[in-house]
Amino acid sequence: MTATYLDRILAAHRAAAAADDRPLDELVARAAAAPEPRGFRAALAEAARHELAVIAEVKRRSPSKGDLRPGLDPAELARRYEQGGAACLSVLTDHEFFGGSADDLRTARAACSRPVLRKDFTVCERDVCDTRLMGADCVLLIVAALSDAELARLWRLARDLDLDVLVEVHDEAELDRALAAGADLVGVNQRDLVTFEVDTERAVRLAGLLPGEVVRVAESGITGPADAAILRGAGYHAVLVGESIVRSGDPAGAVAALRRAV
């Protein structure tokens, strides 16, 4: 069987994790002593009281589309997103497949006042600690990439380190697993991580299964206000949008248009 995008990405990240021999106790202690996070989930919940919250993404490239914005300046893009009213930011830190870095996250976060998600493939405790140490406010846990035991363990460590946790799901079975692990911030990714194709009905289908106390985020395949309006109508508090606003000639205006979607 041909390896999928997800297979290749996870193999690379798990190989890196296996080779990482930094003492975990020391990393946990350092992460626990890092400056207080900004409060990612709280920012989304507050924004969603008035409008559709937007998580605007700093994304250089994707495995399926290649380069998205040549010469991307993380600081300038972060400032434009904040001007447009983004509730939070997301920054890709995977270098091999997405062209990102920890420096992109640090630079973007320093340029704005918004909480920031580290968008990466978290597979071990050291990844969670690194997320806190690079200054992120929220870590991503992808249910499809983790066993139940890993998901529960990494979620608990992240919360112990005062990180918010966006738990990403793709179907009903993964949603059940996320909720069993304690997730209170759930992202429904409309992109199939096996084929990287987008199913625009996926988030709408799962919306009704999300408990009321969960902050609900729709991810991927959101091309503009029309898509955002459908998701808001389905009950989502927030949308996470990358490609369409990264490629926009007016990132601030693109974010503002998503927020106003009705």
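Does the chain classify as rounded, prolate or oblate by the C-alpha gyration tensor (a ≥ b ≥ c root eigenvalues; a/c under 1.5 gives rounded; else a/b over b/c gives prolate, otherwise oblate)?
rounded
List LYS65, LYS119, LYS59 from most exposed to least, where exposure is judged by having the fewest other Cβ atoms within 10 Å. Provide the component values of the computation, followed by the final result.
Working: LYS65 11, LYS119 28, LYS59 25.
Ranked by crowding around the Cβ, least crowded first: LYS65, LYS59, LYS119.
Name the residue from LEU151, ALA183, ALA136 whose Cα lies farthest towards the positive end of the charge dipole of the chain, charges +1 on Cβ of Lys and Arg and -1 on Cβ of Asp and Glu.
Farthest along the dipole direction, towards plus: ALA136.
Order 208-216, 40-48 from most to least packed using the mean count of other Cβ atoms within 10 Å.
Put in order of decreasing packing, that is 40-48, 208-216.
Could you tell me what percent of the DSSP beta bridges with both partners in the chain are antiparallel, to the nearest 5?
The answer is about 10 percent antiparallel.
Would you mind pulling out the separation of the Cα centroids of region 1-73 and region 122-199, in Å?
What the calculation gives is 10 Å, centre to centre.
Grab the beta carbon distance between ALA42 and ALA11, set R0 = 41 Å, and tell me the FRET efficiency rounded to 0.05.
Once the sixth-power term is evaluated, E becomes 0.70.
For the chain, calculate the relative contact order in percent as a whole number, restricting contacts to Cα pairs under 8 Å that are 6 or more residues apart.
Contact order relative to length: 22 percent.
Treat the count of other C-beta atoms within 10 Å as a stand-in for reagent exposure and order GLU243, GLU219, GLU201 from fewest to most.
Numbers: GLU243 17, GLU219 28, GLU201 11.
With the sparsest Cβ surroundings first, the list reads GLU201, GLU243, GLU219.
If you take the beta carbon distance between ASP176 and GLU201 as r and set R0 to 25 Å, what does 1/(1 + (r/R0)^6) give as a FRET efficiency, to the nearest 0.05? Kindly include the intermediate steps, with their values, before the conclusion.
On the way: r = 19 Å, r/R0 = 0.78.
In this case the efficiency is close to 0.80.
Along the charge dipole of the chain, pointing to its positive end and built from +1/-1 on Cβ of Lys, Arg, Asp and Glu, which listed residue (LEU92, ALA256, GLY233) has its Cα farthest out?
ALA256
Under the 0.36 nm per residue contour assumption, what length would be gained going from the current alpha-carbon distance of ARG247 and ASP148 to full extension?
Gain in length upon complete extension: 32.0 nm.
How many nm separate the modelled label positions at ASP20 and GLU76, each set 7 Å beyond the Cα in the direction of the Cβ?
Here the modelled spin labels are 3.2 nm apart.
FYI, it's all coordinate maths here, none of it is from the lab. Since we're looking at a predicted model, the values are computed, not measured. Please note: Cβ atoms are built from the backbone with ideal geometry, for glycine as well, and neighbour counts cover all protein chains shown.
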